[in-house]
Amino acid sequence: MHRRLPPLNALKAFEAAGRHASFTLAAEELRVTHGAVSRHVQALEAWLGTPLFERHNRRVILTEAGRSYLPEIGAALDRMALATAKQIERGRTQILHVNALATFTLRWLIPRLSLFQRANPTIEIRLTTSNVPLARIVEPFDIAIRGGPDARPGFVGRQFLTERRIPVCSPTLRQHGPLAEPGDLIGHTLLHAATMPEVWPHWLQAAGVPHLTPQASVTLEHFYLTLQAALDGLGVAMGPERLIADDVAAGRLILPFYGPTLPARSYHTYVPEALADQAAVRAFCDWLSTPS
């Protein structure tokens, strides 16, 4: 579509002169001469075929046509200025690609990510989840969040969160049978993650009931599914303390036993050495290390 538009400088000169009711003040605002403003306004009047100002010696007064035209042009220039400012700000935005473990992302990172965004509005996080080892991540990333500590040649690793595991369940589960000591698990369902089949046997060994046979066992494909099943009252899951802390604080989950706890791999950031000194990368890694 072809738009019939007068020159932008003429519109700017008219809008400033009409707002100030003065060619002189308009010239000062636009940082041009009085004569330049006058010529731009005259050119606009010729283009429109109608006078926009009445000239009275040192002052000017908008004509009826000028009074109706001014608010429209002022609003249009305001919209142009706002769109330009947004585009400039968008150009300053830094994209940060983060690849993180799925359960950690769902249960810890996403609930807190808005805190980082508010503190760092010019950094845009592009978040993907994956549980594959670092060497098998296909898509490019700036920061990977994995367990550790691991020696990763070519990467800078940094611990930011320790972890332990302990049984966890819905508070409603106690309505279906006693659950005060590890031996009581004989009357309940144990929730297993297919990716970590050894967790429950290790905990039962540490709790002194290595040969306990529960009422039932359910194995789910992913670890985060066992936590969701625990929330839904299906059984008892082995919960990472950091990832269930919000649910425990809110009363959605309980820790039926005081112990024991199993040590678990800490959460680490792994950054390619070439990116380690980038400001956005440092900002995100520092934020992860700050207690929330």
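Summary of computed values
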| read-out | value |
| --- | --- |
| Criterion (of a type outside the set (S, T, N, Q), over 22 Å from Leu255 (Cβ atoms) and either in the same structural domain as Ala250 (by TED's automatic domain parsing) or touching a helix residue (DSSP H, G or I) at 6+ places or on another chain (Cβ under 7 Å) (or both)) met by exactly one of Pro133, Pro182, Pro201 | Pro133 |
| Lone qualifier among Thr93, Thr84 - being of a type in the set (Ser, Thr, Tyr) and without any contact (Cβ under 8 Å) to a residue 24 or more places away in the chain | Thr84 |
| Any chance Arg112 is basic (Lys, Arg) and over 41 Å from the mean Cα position of the chain (by Cα) | no |
| Exclusive hit being in a loop (DSSP other than H, G, I, E, B), of a type in the set (Val, Ile, Thr) and either touching a residue at least 12 places away in the same chain (Cβ under 8 Å) or outside the structural domain of Ala102 (by TED's automatic domain parsing) (or both), set Thr172, Thr162, Thr213, Thr219 | Thr213 |
| Filtered residue count, region 13-57, keeping only those that are within 43 Å of the chain's Cα centre (by Cα) and surrounded by 19 or more Cβ atoms within 10 Å (Cβ to Cβ) | 3 |
| Region 128-157 residues that are surrounded by fewer than 12 Cβ atoms within 10 Å (Cβ to Cβ), paired with ones that are among the hydroxyl-bearing types (Ser, Thr, Tyr) (beta carbon under 9 Å, 6 or more apart) | Arg136/Ser130; Val138/Ser130; Glu139/Thr128; Glu139/Ser130; Pro149/Ser266 |
| Condition check for Leu82: of a type in the set (A, V, I, L, M), exposed (fewer than 12 other Cβ atoms within 10 Å of the Cβ) and closer than 30 Å to Gln117 by Cβ | yes |
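Rundown of residues vs (1) in contact with a Cys (Cβ under 8 Å, 6 or more places away or on another chain); (2) outside the structural domain of Gln228 (by TED's automatic domain parsing); (3) within 27 Å of Arg4 (Cβ to Cβ), yes/no style:
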site	(1), (2), (3)
Ser22	no, yes, no
Asn57	no, yes, no
Gln87	no, yes, yes
Phe116	no, no, no
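One line per residue, one yes/no per condition, for (1) among the basic types (Lys, Arg); (2) buried (at least 17 other Cβ atoms within 10 Å of the Cβ); (3) touching a Leu at 6+ places or on another chain (Cβ under 8 Å); (4) closer than 22 Å to Thr103 by Cα:
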position: Pro201; (1), (2), (3), (4): no, no, no, yes
position: Phe223; (1), (2), (3), (4): no, yes, no, yes
position: Ala229; (1), (2), (3), (4): no, yes, yes, yes
position: Phe257; (1), (2), (3), (4): no, yes, no, no
position: Ser266; (1), (2), (3), (4): no, no, yes, yes
position: Tyr270; (1), (2), (3), (4): no, yes, yes, yes
position: Gln278; (1), (2), (3), (4): no, no, no, no
position: Pro291; (1), (2), (3), (4): no, no, no, yes
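The values are calculated or read from the model by the stated rules, or taken from the named source; none is laboratory data. Predicted model, so just to flag it, every value in this text is computed and none were measured. Quick reminder, even Gly has a Cβ in these numbers, built from the backbone with ideal geometry, and neighbours come from all protein chains shown.
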